[in-house]
Amino acid sequence: MVEAKVLRCLLVLCIAAGAQSVHAQTDEIQVYDAAIAAPGQLNLTLHNNFTVSGRSQPDFPNGVVPEHALNGVPEFGYGVSDWFELGAYLPVYSLTSGGHLLFDSAKLRALFVVPHARERIFFYGLNFELSYNSPHWDISRYSGEIRPIVGVHLGKFDLIFNPILDTAFEGFSKLDFAPAARVAYNVTDKLGFALEHYADLGAVSHFERSSKQSHTLFAVVDFVSGASGIEFGIGHGFSAVDDSVVVKLMYIHDL
């Protein structure tokens, strides 16, 4: 199949580039479920997250201080086919605790999935992202993400895993492993509740010791009405490198 060949080629290219990046903040807190826009459909997702209580120092010199910072981005997705979606994030922004509005990054993505993932018991996909970053957002001017997607729909339950690899294009051994997982219970087609776990274990060549690994758990509620949807979550970090309390809000709308 053509799409399988494209997936293999992109995966080889990204892994060959490799990398490790240091992230002080993030614009997108989400577990991908392989759902995409219908062919010819444009949609908009507004991502926002706010650190209620967290780190008072940046992760690198002149970086964004996490505590009381609001981060977000408008994400545009366009369905090219029933297995391929293109996306753009522009602009990634931060509003600091001091009231300064910063423009952080711009991203492009290509998402490949099994067609009609919502209707399947077992589903899968692969997402690629390329970012151009401001110095206060990431120590690397260019960074990327390789995000496999695997999951199952079991009646009202969803089990989803995204074994993410982050890259700053510095070699295979420096790929950073930052997996995310989601367990959801769908009360109805419109209302669901979930637990999401986000981690960062360090470079694939040598994971960080447990005290320096990142582990954050979110309690999430999802609500869909017509062409729009809302996802709200409250997260707690369990490590010294995590923020203690973070809230996230996503608004999704088919344009």
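Only one entry of 44, 108, 95 meets the criterion of being of a type in the set (A, V, I, L, M, F, W, C) and closer than 21 Å to residue 162 by Cβ, and that entry is 108. Total residues in region 132-178 satisfying the condition of being under 24 Å from residue 193 (Cβ atoms), under 14 Å from the mean Cα position of the chain (by Cα) and either charged (D, E, K, R) or open to solvent by 20 Å² or more (accessible area, probe 1.4 Å) (or both): the figure is 3. Residues of region 218-246 that are open to solvent by 70 Å² or more (accessible area, probe 1.4 Å) and in a strand (DSSP E or B): 223, 230, 232, 234, 236. Is there any pair linking a residue in region 79-100 that is among the charged types (D, E, K, R) to one that is surrounded by fewer than 17 Cβ atoms within 10 Å (Cβ to Cβ), with Cβ under 9 Å and at least six apart or on different chains, and which? So the pair list comes out as 82/38; 82/39; 82/115; 82/116. Screening region 83-119 for residues that are open to solvent by 60 Å² or more (accessible area, probe 1.4 Å) and of a type in the set (D, E, K, R) and picking the one that is nearest to residue 140 (Cα to Cα) gives 118.
Here the condition is being out of contact with any Ser or Thr (no Cβ under 7 Å at 6 or more places or on another chain), surrounded by 16 or more Cβ atoms within 10 Å (Cβ to Cβ) and more than 22 Å from residue 218 (Cβ to Cβ); of 128, 122, it holds for 128 alone. Of the listed requirements (1) in contact with a Lys or Arg (Cβ under 9 Å, 6 or more places away or on another chain); (2) assigned to a helix (DSSP H, G or I), residue 211 misses just one: (1). Are any of the residues in region 23-40 open to solvent by 10 Å² or more (accessible area, probe 1.4 Å), over 24 Å from residue 222 (Cα atoms) and of a type in the set (S, T, N, Q)? No, region 23-40 contains no residue that is open to solvent by 10 Å² or more (accessible area, probe 1.4 Å), over 24 Å from residue 222 (Cα atoms) and of a type in the set (S, T, N, Q). Screening 111, 126 for residues that are hydrophobic (A, V, I, L, M, F, W, C), in a strand (DSSP E or B) and touching a helix residue (DSSP H, G or I) at 6+ places or on another chain (Cβ under 7 Å) leaves exactly one candidate, 126. Is it true that residue 129 is more than 23 Å from residue 69 (Cα to Cα), among the acidic types (Asp, Glu) and more than 19 Å from the chain's Cα centre (by Cα)? Spelling it out, it is not the case that residue 129 is more than 23 Å from residue 69 (Cα to Cα), among the acidic types (Asp, Glu) and more than 19 Å from the chain's Cα centre (by Cα). Looking across region 179-199 at every residue that is open to solvent by 40 Å² or more (accessible area, probe 1.4 Å) and free of Cβ contacts under 8 Å to residues at least 24 places away in the same chain, the one that is nearest to residue 230 (Cα to Cα) is identified as 188.
To keep it simple, each residue is scored yes or no on (1) part of a strand (DSSP E or B); (2) of a type in the set (D, E, K, R); (3) open to solvent by less than 50 Å² (accessible area, probe 1.4 Å); (4) at pLDDT 95 or above.
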| position | (1), (2), (3), (4) |
| --- | --- |
| 43 | yes, no, yes, yes |
| 61 | no, no, no, no |
| 64 | no, no, yes, no |
| 76 | yes, no, no, yes |
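Every listed requirement among (1) modelled with pLDDT of 95 or more; (2) over 26 Å from residue 90 (Cβ atoms); (3) of a type outside the set (D, E, K, R) is met by residue 143 save one, (2).
The values are calculated or read from the model by the stated rules, or taken from the named source; none is laboratory data. These figures come from a predicted structure and were not determined experimentally. Here Cβ is always computed from backbone atoms with ideal geometry, including for glycine, and neighbour counts include all displayed protein chains. Please note that ligands, DNA and RNA were not included when accessible areas were found on the heavy atoms of the full protein model with its side chains. Shrake-Rupley method; radii C 1.70, N 1.55, O 1.52, S 1.80 Å.
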